[in-house]
Every structure is written in structure tokens, then in C-alpha cells.
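Right, one structure below, let's go through it.
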Amino acid sequence: MSKGFFTDTTLCIGCKACEVACKQWNQLPADGYEFSGNSYDNTMALGATTWRHVAFIEQTAPPEAPPSLNKWLMMSDVCKHCTHAGCMEACPTGAIVRNEFDDVYIQPDVCNGCGYCVPSCPFGVVDLISHADYTEGRHFESDGRTHDDATQTTGGIAGKCTLCYDRQKVGFIPACAKACPTESIQFGDVAELHERAKKRVETLAERGVDSYLYGVDSGASTGNLNAFFLLTEAPGAYNLPERPVLPSTHQRAGYTSAALAAAALTAIGFAIFRRA
Amino acid sequence: MPGLGTSFGRGGATTYVQDLRNADCILIEGSNFAECHPVAFRFVMMAKERGAKIIHVDPRFTRTSALADIYAPIRSGTDIVFLGALISWMIENERYFREYVVAYTNASFLVGEAFGDTEDLDGLFSGFNDVPPGHSGDHDRGSMGMMGKDDNAHGPAPGTYTTDSWQFEMEDVPRADGDGTVKKPKRDETLQHPRCVINVLRRHFARYTPELVEDVCGTPRESFLEIANALADNSTRERTTAFAYAVGWTQHTVGVQYIRTASILQMLLGNMGRPGGGIMALRGHANIQGATDIPTLYDSLPGYLPMPSALREEQTLAEYLKNATKPTGWWANTPKYVISLLKAYYGDAATAENDYAFEYLPQISGDHSALPTQVLMKDGGVKGYFVIGQNPASSGLNAELARAALERLEWMVVVDGYETETAAFWQREGADPSKIGTELFFLPSAVILEKEGTMVNTNRLLQFHDKAVEPAGDARSDLYLFHQLGLRLKALYEKSTDPKDRGIGLLTWDYTSDDEHERAKGEPSVRRVLQEINGYLVKPGEPMTECEQVPGFAALKDDGSTACGCWIYSGVAPDKATNRARSRRGDDIASLDWGFAWPANRRMLYNRASADPDGKPWSERKKYIYWDEAAGKWMGPDVPDFPVDKSPHAQAQPGASGIDAHSGSDPFIMQVDGRAQLFVAGALKDGPLPAHYEPLESVVRNPVYKQHNNPTLREWDRDDNRYNAPESPDFPYVLTTYRLTEHSGIMTRYVPWLAELQPALFAEIDPELAVQKHVRNGDWVTIVTKLGEIEARALVSGRMRPLRLGKGRRVHQVGIPYNYGTLGHATGDTVGQLIPLAMDPNVSIHEAKTITCTIRAGRRSTYAAATDIVDRDVPSDQRTTTGESHPHGRDNGAV
């Protein structure tokens, strides 16, 4: 049974409780105190120590236009837990696995910090945790309590959302879903979430709101996303890829060309050196 | 608070946030609900999912606006025009709920002939006592020398209203007991008489049209009409509309009148006391409701009883009770609450013979609220200061004055979980510690989960929280401080023979903890405090804490047999084993078993009005409290806000006391006449009806009246409190302040996970203004008022929009959050440095939501433009002897 997230952006109020709940549960450090100037988004992106990130996209109307035409999209971004995960394919040590909940999980005690997963994620989710942030205790205040081995505790390795593997194992829902006051983040059985989400798209359509599901039956090479979204604008508006591509998809063409080139060169070489 | 109190009877939210899910339409104004009350906002979202229309009116397009169906911009400080125009529109287009209005409000009452409206008097009401020219303070007023809220004893004070002409025309009505007549307001139930309240209202707001809204508020006419229709369509027998507001409405020099305007509108729409209706006053801090209930207000005793005042004729208990008690309505019970309170304070030392020790209660002698006290402190008039969970050096108005004031103290005690800017005032930029004589004590306090106790939230709900962890080191609860102070003061005063010291010695102070560990730390018993608040059935000679607890305030007596620390909370701990504040059984309706709400666990106030005069619900869809003839009582999912067995057809008993004087269809039991007050006959200082006045600092002359500002607003005209003149070309932009979801103040600025979300002070600027001022997004920008300047990062956004006002004026509004200070991981200048002290006359609330400013690109060059002024002594002829403010007075536009 696959467990995942349905994030309905039409219910998001941009409160960032999800970001804070995730950081608190996983005892992740703050990423720095830089003013970004990017609307109300100062954390800017998912990364090694930011596993929920709320994006703010302003679509404002000119001052003379009817005021209700203003829009401000708010979306809680997270690791997509792809059914065909680029990071997992790239991982040479087998640190990245699909766990019993069908979620993509980096085993922190196996990961050697090679970083191959980083460019392999079409969504730019996973990253390497800087040693300095942990060893120097930068931006980091913890109460000293530790969780079990599911938590990131050292620098140098890759980090991303675990879909609260440790919480799921004891029957709790993920911290972000628990904290979300409007249930924009919904956790559950992916098949059941799909049903709910499809109904939601219909309900919104009846109200005159155009929406669609990102990461469900799209035909993309990443497959269905176990953490999928309901969006009201094109993916690009949210800085999501229009059509995410699994890097290994390109590899077939590459390997084929390489094999053909090898065969061709072998044939040519054979032809040239046969006389000798 | 008095906006709701004078209108309906109690100064508190009239409903509970969960009920918002039942609304068909929600107007959010003077509030940034989704950002400042995100958890309660869930219920707005639930309403929206059920098809409700969500409307947000605000100077900025915020995270709340993003979720609203209708957003309308408004110039900060003009909501009375907006709401007044809605009132006018409802009356003119006959879209108000007539049956409700006639039966449940004072619409039909006749206003006395002597009443003069703002339409007749250039923006003043009748009875204004002018401020003589050259009058700059109140220190020249007689031997008492002080201006208080009730000055009848010393003649009318300048800049106030004498409210005699605001009364109703009375007639003699035969008493129910046949013993003569009693005076009652004359009525015209046909609503034809030109002086009946609804017609006075109509005339008063006649010029408040959609066109005026466009001219004054800058709100497009189409938006106004869309909102008017949405409200009218959703305020009927079948549908209800709720209002939600917060400090965007209250923090103005006409703040109380803002609430009055909203109250009048909701009365006309017939939404009060009905499910999905009401006025949800969203109180801010987790315990701010508790802080006014118990209270920390200088002018009130627990449960909103008035503090005795030296300015009124009330040196004896009898005189005090005469002034405080109303003959009809629930407040007829006042003596029971006062005497029970005195018994709680003084125990066996309070007897009928000594007026229950009334003489030992302190008496106020003026306005001792925060702002005047701050000014007095600056002038050297305050010796000592306890600052507990408050940070005036950072979040205070005229923050530089607040900081300089701290240097004048002999001693200060700061109790907080963090070293705040207030505790660190002597280290601030520009301070010279060698010149500061203040002796500073910093006591670390336990934070929320390190102590047990109650909090009272905006639902008037008491919720008890347990202690989860030990506080670190020497940190103690706030209750420890007062418990220990009390014990030690009692010991010090024990031997004193000075009569004025006797009161301290006589106080009951039995809060010793039963828990050995807590006792060893000096911590008191929270349980005992709560039980005393609930009240006891006392017996002379028996320790109060051994006595039985009262079941609720209905059991309180005025004969000394009961003691009660706060009558409105009575019932929370009805016996030794029960703490209703701790119960946690919720349901999908009123959750009566989750916590304890005052009064008497009622969740929705005035709920009698959810049924028609015959006791039947206005509709099945909006059924809440209703009369069950067979059972002979009121039924429903909530505690009825009405005597449970009083028939809807009960006749009013003229001349009877208490609520027997009301009929069975008078839902507003706290009011003298049982009706909601469209017209308030004299209890408010600035008018029986709201009128639009410009804020103290404004970019335009009042377009509605010749009288520019609220004539009774209070201000301080002195060098260290300069404010921008109206329509000043040097300060042409409106500046509004607000708070962010991510922060409160020092508490959150030290949390890395919150600090990184909003790490720096920023100012929201519209793109047009940014271009004019050569400011790019992310650049430093300096915001300047006459009081000082601060710097912030520019956040240029189309969510801010310039407004088009009348006469072709184009006005820019700049927004800046209030959450920053110099300490923490996320830091920034303090916005309070820009805001001069000015207050509304009723509750002394400050004006923080609308000032004027200019901006320039680049960082600030100085710390505060007027630093040298603030650090220098204010000339003695500008000081008042009490820090007292003075009234603004008549202002016909001369600069």
C-alpha cells in the first residue's frame, strides 16, 4: 500500500507551519537569515535541510483593474517521492531505497555523500548537507533530544523529506500534515488520495475554478508522484518542470548511440587493419 | 470592547470561531485573519467549502485576501465611511431585517429633541465643551489637577461632551406593581417618527454613499456595491453573515466608533446572536482576553466592575454601588459581585459593618493607562516599573520616548523568558550607561509549558494547560512573583500602624501549594487561585479554601456569604474535584465540554435572538436556541443567554428590577432595556453614533465634515511627541502597520526556524511609488516621520496599490510589519519609533494603524531624527504633572 501526500494548493494560506513542523520534528538547522525580496518566501527552495518549502507567486492586477483579480498563489512544496525516482536510479551505494510505505528514503547510515543523486532529481529536491552546518552548529539550536536512525544527524550526506518514515512506523501522520491548519496537506493511501483529489478538481470546476492534478497519470517518465499536487496555474508558475524527465530516459539514446558507434568503429577498424 | 459592550451588553466576541463555519458570508475587515489567526481561519475555510462568500477589505492584498472571494482595497483609517455607507445603503434600499430590528433593537425609540447631529453641527454632536484657545494641558485645572474619565464632580472638562442631549425622550409608564410610574423611552414601532432612532440613523449617514466611499476610501464603487449586495443577500431568515475584526479596527483614535459602526450594521442585518452571524472580535495574544477579564486594566476590577474613582462621588461602598449598579438588566446584580470580590480579597476582615473593607481598595485619579504613564515616566514622575511579558522598548508607541523614559526610573523589574530590548535598554545605540541611574532587576520567567495555569482566548474560553517540563535554572512562573511579593509585603506591613497600610495586612493570601516540590520552589497553588476565582460559600472563622465552591455566579450574594475572585468565571471550578477549564471533549457543534467559556459556559452570546419573538427559530436552517413549550424551557446546543425557563411571551414588568423589567423577547439581557443599541445614549465619550474623522496624521482634510479629527481624541503636544500635520506635503504617504504569521516579537526572533522565514524588516511599496523614489525590490529604504526614521528592505509588490481619492488625489500606502527589534536572529528597526502617541478617549487605545510618512532610497543616516529632542528634558511648561494627555478639540481645518 502506497502512502503519500495530496497537497491542495487552493487551501494553502501560506502560514509555513509545515516548514516549521518539519524542521522541528527532524531537528534540522535553519538555512540562514537572508532577506530574499522574493515575496514572502525567504527559504527559496527545497534543499538538504529544508524539506517543506512554501512558494509564493504573486500575480497582481494593475491598480485600475478590479481588485478581486489579484492572485497570490501559495504552495507547500515537498519531495515528490516519484514512483520512478531519478535519485534512486543514480545512487551507487543503494542508500536510496523504496521503503515499505512505497516512499523514497535515504538511509543516512549508508549514504556516502557522493552527490550523484543531486543532479538526478528532475525537481531539484535532494541536496548534500553541509558539514559546517552540523559540526559548527551553525543556525542550529536543538533541545539535545535525538530521534531514531531515520533522522538526519550528520553532515556531508544527502538529505530530503523522509515522508516522516519514523512517524509512519509508529502510526503517526507526517509532521507537516499534522500541523497544517487548513488540511492543504493531506496524508494517506495514494489510491484513496487520487479519488479525493479528482473529486476536488470537479468541485472546483463547478465553482468556476480551473485546476488539475500534477503528478497523477501524466505519462511523465518519473511516473506517478506519491506526493502530488492540485494546481491552478501551469507548473512553470510554481517553478515546477512542465514535464519532468527521469535522467535515465536520456541514457537509452546515449547508450544506443555509443553501442552503434562502437559497432561502427569496430567494423571500420576491422576493415582498415584486415590487410595487415 | 466598549464598542461591543455599549451596543450589546458585553465587551467580548459575541460568538466563537468554530461557529464561523455556519456563516453564508463572512466580512473580514480590520483583520488579516489568515495571517494572524491561522488556526482559527480553518473555520473560515470550512465556511468557504460550504459555499460561503468570503470578503476581505484591507489596505493591502494579504494572505487573507488571497483566499477571499471578494477583495476590496481601502485607505487605512476610513472604515467608518465604508461601513457607514453600508448602513445607509441597507436603510435606503430597505435591505435590513426589519422584523428583527423592530423587535430586538432600539430602532423605534425616540431620541430627545435636544439632540444635535453631526449633520447640523459641522461634524460635532450637541453638547461639546470647547477647548479654550491656548489650552495645552490639564494641569491648570483646579486642585485635583487631573482629568479623569468621569469629571461630573468637577464640571465638564474641555474637549469632552456633556451627554445630556443624547438621551431618549422619556414617558411615564405605569409600574407593574401598581405603585406609580417609571420613566421609559418613548417609541414609535411604525418607525415613521423623524426622531425615532432608525430615522436619526438614516439622516446621520445620508451622505455616506457609494460615491463618498470612492472619494474618501479609494474603494471602487463596483466593489462596494458587490459587497453590499453580498451582505444583504446573506442576512435574512435563512442566511446569516458574520463579521471578523481585529486591531485594524481598534487601534485608531476612533477605534471604539469603528466597532460601533460594525455593530449597528450587524444589528440592522439581523445577524446578532444567530448561528453563522455575530461579530467575531479576534483578540490577539493567547491570553489577552484573560488580561482584560481579571484584569490588568487600571480602570476595572475583575469581571468588568468599575474601579473606584476619586473623581466620582464614591468614597463609600453605598455610593460606589449606586454609581455602578443599573436598575434593570443583568447589571442589577452588581452588588453581589462587588461584595463577593471584597470577601475574596479580605476574607473575614470584610464585614457588613466595615463596608466589606471597601475603603482599602485603591481609587483611580485620572488616566493611568500605558501611554500617559509612559509620558509621566519620561518626565520623571514614576519611581518603579514592573515589566512582565511586555517589551515597550521595542513594541511601544513612540519607542524612543519609551526607552528614554526607562532611564528616569529609580528601579525596574523585567520578568521575561528572554533578555528583551526593554531589559537591555541601557545598552541601546546612543545610550550612556554611566548617566543612567535605573536599578534594573531581570527575573527569568518560565514559559508556557513550564508551568500550569489557564489562558483565555478570543472565544472567551478558559483552557487549562499542564506543566510539561521544569523551567531552567532560576526561572519561575509569573504567579510566583506575585505570590512571593504578596507574602513579603504582608510581612513588611504587618507592624505598620498607618491606616493606609492596613489593607495589605488584611488581604487573604492563602495560595500555598500542596505539592512539596512546588512549595520548595516558592511556587503557589494554581488550583487555589482558580478556586478563589470561581468562588466559595464562605463561613466566618472557616478558612476560605476549606469552604465549598459556588456552582456559578447565579449563587453569588451581596450579604457576605459568598466570595468570588471574578464573577464572570464563576462556574469554572464548581467543586474541589472539578476543573472545567481542563476538560477536553469536543464535538462538531458548540463543544460545551471543551474548556469553560464565560459567562456560564455560553459559547454564543445573545443567542435568544436566534429565535423570533415567539421563540421559534427564524428558519429551520438557522435553528439554534428555541423555546420548547412542552418542556417550559429554552433548548438547543448551547447554554441559553436568557433565563432558561422564561417564556418568550413573558410580559415586561415596568419598575421591576433586573431582567424582570424585560419581556420574553428582549434578548440583550445586559442592557437596561434588553435591546441592542443602535443609538447609544451617553455611555461613549465621542458620540452616540459613529462619524468619520480623519486619523491624527492624515494625507487629506476630512472630506465629510468641517471637524477634521475626533474632537475628543487625546494627544500630547510636546517636543518629544511631534506628529505630522494633516495634508503635509512632506509626508504624503499613508503608513500602515501589521503583523506577520511567522513572528510575534522577541520570542520568535530567537527561534531559528521562524527567524529564517522572515529574517528582516521590510516595507511593502507599490511599484509606481518605487519607481518614483528610485527604489528597487530588495534595496534599503528609509521611512521618515516627524518623530524619526527607520530603515527597511523594500518589498515592491503589486499587492500594494495606489488609491484614487476624490478631487483627483492619488494616494500611496506603505505597509510595514511591527514584529522586529534589535535583538534576536531576525532583527530590524522598531516601527514604533515612527508613531506618535495619540489615543481614543474611551479606552485609551493608541493609534498605530494609520500615520503618514515619506520614504527615500538608501539606509538611514541617523538613529532617530529627533534623538536629541527625546534625550533632552522636555521643557517643564510642556509637561503635564500626571503624564495626562489633552483633548484635540474643535478643528475646522486650520493648520
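The values are calculated or read from the model by the stated rules, or taken from the named source; none is laboratory data. Given the structure is predicted, the values throughout are model-derived calculations rather than measurements. Here Cβ is always computed from backbone atoms with ideal geometry, including for glycine, and neighbour counts include all displayed protein chains. Quick note on the areas: whole protein, heavy atoms, side chains included, nothing else; ligands and nucleic acids left out. Shrake-Rupley method; radii C 1.70, N 1.55, O 1.52, S 1.80 Å.
Values as computed for the structure displayed
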{"quantity": "Members of the range A:181-190 found to be within 14 Å of another protein chain (Cβ to nearest Cβ), hydrophobic (A, V, I, L, M, F, W, C) and open to solvent by 20 Å² or more (accessible area, probe 1.4 Å), listed by number", "calculated": "none"}
{"quantity": "Matching helices (runs of 4 or more DSSP H) fully within the range B:206-306 where at least 1 residues are modelled with pLDDT of 95 or more, surrounded by fewer than 23 Cβ atoms within 10 Å (Cβ to Cβ) and in contact with a strand residue (DSSP E or B) (Cβ under 7 Å, 6 or more places away or on another chain)", "calculated": "B:221-233"}
{"quantity": "Of the criteria (1) in contact with a Ser or Thr (Cβ under 6 Å, 6 or more places away or on another chain); (2) open to solvent by 30 Å² or more (accessible area, probe 1.4 Å); (3) aromatic (Phe, Trp, Tyr), which one B:Trp753 fails", "calculated": "(1)"}
{"quantity": "Residue satisfying all of: in the range B:31-47; open to solvent by 10 Å² or more (accessible area, probe 1.4 Å) and touching a residue at least 60 places away in the same chain (Cβ under 8 Å); nearest to the other protein chains (Cβ to nearest Cβ) among these", "calculated": "B:Pro38"}
{"quantity": "Residue, least open to solvent (accessible area, probe 1.4 Å), within the range A:67-89, restricted to residues that are part of a helix (DSSP H, G or I) and within 14 Å of chain B (Cβ to nearest Cβ)", "calculated": "A:Pro67"}
{"quantity": "Any hit, the range B:806-829, residues being open to solvent by 10 Å² or more (accessible area, probe 1.4 Å), within 9 Å of chain A (Cβ to nearest Cβ) and either part of a loop (DSSP other than H, G, I, E, B) or among the hydroxyl-bearing types (Ser, Thr, Tyr) (or both)", "calculated": "yes"}
{"quantity": "Hits in the range A:1-28 (condition: in a loop (DSSP other than H, G, I, E, B), open to solvent by less than 10 Å² (accessible area, probe 1.4 Å) and facing chain B (nearest Cβ under 7 Å))", "calculated": "A:Ile13, A:Gly14, A:Lys16"}
{"quantity": "Condition check for A:Leu230: under 20 Å from A:Thr10 (Cα atoms), modelled with pLDDT of 95 or more, under 17 Å from the mean Cα position of the chain (by Cα) and not charged (D, E, K, R)", "calculated": "yes"}
{"quantity": "Single residue of the range A:191-206 satisfying the filter (touching a residue at least 60 places away in the same chain (Cβ under 8 Å) and of a type in the set (D, E, K, R)) that is farthest from the other protein chains (Cβ to nearest Cβ)", "calculated": "A:Arg196"}
{"quantity": "Subset of the range B:633-657 (residues that are more than 26 Å from B:Arg621 (Cβ to Cβ) and open to solvent by 40 Å² or more (accessible area, probe 1.4 Å))", "calculated": "B:Asp645, B:Gln651, B:Ala652, B:Gln653, B:Ser657"}
{"quantity": "Residue list for the range B:166-193, restricted to those being among the charged types (D, E, K, R) and surrounded by fewer than 16 Cβ atoms within 10 Å (Cβ to Cβ)", "calculated": "B:Glu171, B:Asp172, B:Arg175, B:Asp177, B:Asp179, B:Lys183, B:Glu189"}
{"quantity": "Within the range B:745-800, helices (runs of 4 or more DSSP H) holding 2 or more residues that are more than 9 Å from every other protein chain (Cβ to nearest Cβ), at pLDDT below 95 and under 31 Å from the mean Cα position of the chain (by Cα)", "calculated": "B:746-749"}
{"quantity": "Residue, modelled with the lowest pLDDT, within the range B:143-159, restricted to residues that are part of a loop (DSSP other than H, G, I, E, B) and open to solvent by 60 Å² or more (accessible area, probe 1.4 Å)", "calculated": "B:Ser143"}
{"quantity": "Unique match (being open to solvent by 40 Å² or more (accessible area, probe 1.4 Å) and either touching a residue at least 60 places away in the same chain (Cβ under 8 Å) or of a type in the set (Asp, Glu) (or both)) among B:Glu516, B:Glu532, B:Glu523", "calculated": "B:Glu516"}
{"quantity": "Restricting the range B:51-68 to residues that are of a type in the set (Lys, Arg) and closer than 14 Å to B:Arg799 by Cβ, the residue that is nearest to the other protein chains (Cβ to nearest Cβ)", "calculated": "B:Arg63"}
{"quantity": "Evaluation of A:Asp109 against (1) in a loop (DSSP other than H, G, I, E, B); (2) at pLDDT 95 or above (one fails), failing number", "calculated": "(2)"}
{"quantity": "Qualifying residue in the range B:164-172 (condition: at pLDDT 95 or above, small (Gly, Ala, Ser) and not in a loop (DSSP other than H, G, I, E, B))", "calculated": "yes"}
{"quantity": "Filter result for the condition that a residue is under 25 Å from B:Ala423 (Cβ atoms) and among the β-branched types (Val, Ile, Thr), over B:Val469, B:Val456", "calculated": "B:Val469"}
{"quantity": "Answer residue from the range B:648-703, given it is of a type in the set (D, E, K, R) and assigned to a loop (DSSP other than H, G, I, E, B) and is farthest from the chain's Cα centre (by Cα) among those", "calculated": "B:Arg701"}
{"quantity": "Pick from the range A:191-223, criterion β-branched (Val, Ile, Thr) and more than 16 Å from the chain's Cα centre (by Cα), ranking: surrounded by the most Cβ atoms within 10 Å (Cβ to Cβ)", "calculated": "A:Val201"}
{"quantity": "Tabulated pairs, the range B:747-769, first more than 29 Å from B:Arg801 (Cα to Cα), second among the acidic types (Asp, Glu), C-beta under 6 angstrom, 6+ apart or interchain", "calculated": "B:Pro752/A:Glu141"}
{"quantity": "Unmet requirement for B:Arg718, which otherwise passes all of (1) open to solvent by 10 Å² or more (accessible area, probe 1.4 Å); (2) modelled with pLDDT under 95", "calculated": "(1)"}
{"quantity": "Condition met for B:Val131 (of a type in the set (Val, Ile, Thr), away from chain A (no Cβ under 11 Å) and part of a loop (DSSP other than H, G, I, E, B))", "calculated": "yes"}
{"quantity": "The range A:40-60: number of residues that are at the interface with chain B (Cβ under 7 Å from one of its Cβ atoms), part of a loop (DSSP other than H, G, I, E, B) and under 15 Å from B:Met800 (Cβ atoms)", "calculated": "1"}
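Let's see how each residue does on (1) within 14 Å of another protein chain (Cβ to nearest Cβ); (2) without any contact (Cβ under 8 Å) to a residue 12 or more places away in the chain; (3) within 20 Å of B:Gln257 (Cα to Cα); (4) open to solvent by 10 Å² or more (accessible area, probe 1.4 Å):
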{"residue": "B:Leu27", "(1), (2), (3), (4)": "no, no, yes, no"}
{"residue": "B:Glu49", "(1), (2), (3), (4)": "yes, yes, no, yes"}
{"residue": "B:Ala72", "(1), (2), (3), (4)": "yes, no, no, no"}
{"residue": "B:Ile87", "(1), (2), (3), (4)": "no, no, yes, no"}
{"residue": "B:Val102", "(1), (2), (3), (4)": "no, no, no, yes"}
{"residue": "B:Ala107", "(1), (2), (3), (4)": "no, no, yes, no"}
{"residue": "B:Thr118", "(1), (2), (3), (4)": "no, no, yes, no"}
